[in-house]
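Following: one structure in structure tokens, then a few remarks.
The values are calculated or read from the model by the stated rules, or taken from the named source; none is laboratory data. What you see is a predicted model; the values in this text were computed from it and never measured. Counting neighbours? That spans all protein chains shown, and the Cβs are built from the backbone with ideal geometry, glycine included.
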Amino acid sequence: MEQKLQSVVNTLTKKKKPRVVVLCGAGISTKAGIPDFRSPETGLYSNLQKLSLPYAEAVFDIEYFRKKPQAFYTLAEELYPGKFSPTKFHYFIRLLQDKQLLKRVYTQNIDTLERIAGVKDEYIVEAHGSFATNHCIDCRAEMSSEELKRQMDDKASGGIPRCAKCKGYVKPDIVFFGEGLPARFFDLWDDDSEEIDLAIVAGTSLTVYPFASLPAEVEANAIRLLINKEHCGDFKQNPRKTDVLALEDIDEVAETLARLCGWEDDLRRLVETTSNDDESDTSSNIDEAKVRSEAIASSITETETKEETKEETEESADIEDLSKQLSGLSGIGKQGKIPKSDQ
Ligand SMILES: [Zn+2]
């Protein structure tokens, strides 16, 4: 592995002002205790059944939310960030920022762990939105997360956050079925894609579009590093001579990279000083919070690429069902093309 990573390490440590872009997905958050939806114990399916929805994906359907926001807010209790701590890989991204090497991190995750690790807003693109900001669905007025949480917790008043201006329902800016991806995603990628020396693709099987098309758009003079359990996407379909594959544990690769760059202590310090939750807390929450945001986001994957993942879909009919029902989360699963939103 160390041998394989050499060109990456050279870019990070020897090249003058290298520009690094990180493209990531569900896999980087599994070590945080956020279960992969493929794990049968996630409880997502049964939790959704309890909500008596007309169909499961309604929970992330903007039109259904307009009529019955209770369903989403019941689930949001379990999804809400704060129960989990960033992984070593999240801190590795932070380290790239601190070393002034990070151009941007594009994440499919809605768990905000990049932010919690200390990556600044300007460097983060949450392609599928997140819980970090909230807006009224009618007049678009913004609501702070503190206020949103306060109203969620105010069960006497129904627990549904309402706009102070127009009384419309307020929801976190997670991309729902029927909504487009954030304009920021398209705008920044247009520029970023031309200015990359190293693209680190981590924890994503590259099946959710348009996100999955990003690695192919990285210019030929850049090095692409894939850190994932399996060889996938453009790395598999259109391999480049300079591609680096690290098909291993993501946190271990992050540690190895840090060590090879001579940043081992920096990474350890970041993990130690930035994590405020103790380990026992984090692990006990794993069972409690069975439904996790990233797990849902990643479930979109399956619907989009049934043909490519036949062998996986045979694993379990339930998983297939689950992903079908949840494909609406970001409005990506069902549509071939994503409309650009002005969100
Ligand atoms: Zn409003």
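Below, the figures for the structure above:
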item	result
Cβ pairs under 8 Å, 6+ apart, first in segment 160-171 and within 9 Å of M143 (Cβ to Cβ), second of a type in the set (D, E, K, R) and surrounded by 19 or more Cβ atoms within 10 Å (Cβ to Cβ)	P161/K171
Test: residue in segment 83-100 that is on the phi < 0 side of the Ramachandran plot, of a type outside the set (S, T, Y) and at pLDDT below 95	yes
Within segment 121-142, considering residues that are in contact with a helix residue (DSSP H, G or I) (Cβ under 6 Å, 6 or more places away or on another chain) and assigned to a strand (DSSP E or B), the one nearest to L102 (Cα to Cα)	I124
Count - residues of segment 211-247 that are farther than 28 Å from G129 by Cα and among the basic types (K, R)	2
Output for segment 53-72, where each listed residue is in contact (Cβ under 8 Å) with a residue 40 or more places away in the chain and either outside any helix (DSSP H, G or I) or among the hydroxyl-bearing types (S, T, Y) (or both)	Y55, D61, P69
Scope segment 96-110; condition in a helix (DSSP H, G or I) and closer than 11 Å to E126 by Cα; matching residues	none
Of all residues making up segment 208-230, the number that are buried (at least 21 other Cβ atoms within 10 Å of the Cβ) and under 19 Å from the mean Cα position of the chain (by Cα)	9
Long-range neighbours under 6 Å by Cβ, at least six apart or interchain, first residue away from the ligand (no atom under 14 Å from the Cβ) within segment 125-144, second aromatic (F, W, Y) and outside any loop (DSSP other than H, G, I, E, B)	V125/Y106; V125/F185; A127/Y106; A127/F185; A127/F211
Qualifying positions in segment 147-170 - within 16 Å of the ligand (Cβ to nearest atom) and under 14 Å from A71 (Cα atoms)	I160, P161, Y169, V170
Checking F185 against (1) within 16 Å of the ligand (Cβ to nearest atom); (2) at pLDDT 95 or above; (3) not β-branched (V, I, T), the condition it does not meet	(1)
Condition broken by F177, with the remaining ones in (1) more than 23 Å from P18 (Cα to Cα); (2) within 16 Å of the chain's Cα centre (by Cα); (3) away from the ligand (no atom under 16 Å from the Cβ); (4) crowded, with 22+ Cβ neighbours inside 10 Å satisfied	(2)
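Residues checked against (1) surrounded by 15 or more Cβ atoms within 10 Å (Cβ to Cβ); (2) on the phi > 0 side of the Ramachandran plot; (3) modelled with pLDDT under 90:
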position: D243; (1), (2), (3): yes, no, no
position: D251; (1), (2), (3): yes, no, no
position: A254; (1), (2), (3): yes, no, no
position: G262; (1), (2), (3): no, yes, no
position: R269; (1), (2), (3): no, no, no
position: T273; (1), (2), (3): no, no, yes
position: D278; (1), (2), (3): no, no, yes
position: K290; (1), (2), (3): yes, no, yes
position: E294; (1), (2), (3): yes, no, yes
